[in-house]
Amino acid sequence: RCGTFFASEFEVCQGCQKKDNADVNKLKGFLLEGIEEGVTKTDVAHSTGITIKNLNRYLSGNEFKGVVIPETVTDSKTSKNDVITNV
């Protein structure tokens, strides 16, 4: 996340782990509020302040399994009910 070289079992250094935890909590809060059909990853990034790179990393993890947020509006082939599950 910060570019620091480190040896650990985690994806990021200890300093960045705190930032990741804060970002994940922001993302959870955003998703729990409910998102409207057509919301893209760019929209989520702008609303939460989470970078697209980190957003993609979080969404690929087990914690957000089943959550689908399209890259663009044209990618959105899901209904509102399909976008969020098991947050």
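Considering the range 51-67, and only residues there that are open to solvent by less than 60 Å² (accessible area, probe 1.4 Å) and in a loop (DSSP other than H, G, I, E, B), the residue that is farthest from ASN21 (Cα to Cα) turns out to be GLY66.
Those residues that are modelled with pLDDT of 90 or more and among the β-branched types (Val, Ile, Thr), I need them from the range 69-87; list them, please.
As a first pass, look at the range 69-87 and keep what is modelled with pLDDT of 90 or more: 69-70.
Selection gives ILE69 alone.
Name the residues in the range 30-53 that are under 11 Å from the mean Cα position of the chain (by Cα) and among the small types (Gly, Ala, Ser), would you? ALA45, GLY49, listed by residue number.
Residue count for the range 14-45 satisfying the condition of being touching a Cys at 6+ places or on another chain (Cβ under 8 Å) and either within 19 Å of ASN62 (Cβ to Cβ) or buried (at least 16 other Cβ atoms within 10 Å of the Cβ) (or both): 1. Evaluate the range 29-46: report whether one residue or more is under 21 Å from THR72 (Cβ atoms) and among the polar types (S, T, N, Q). Yes, some residue in the range 29-46 is under 21 Å from THR72 (Cβ atoms) and among the polar types (S, T, N, Q).
The values are calculated or read from the model by the stated rules, or taken from the named source; none is laboratory data. Computed from a predicted model, the values in this text were never measured in an experiment. Note: ideal-geometry Cβ built from the backbone for every residue, glycine included; neighbour counts use all protein chains shown. Heads up: the accessible areas ignore ligands, DNA and RNA and are worked out on the full protein's heavy atoms, side chains in. Shrake-Rupley method; radii C 1.70, N 1.55, O 1.52, S 1.80 Å.
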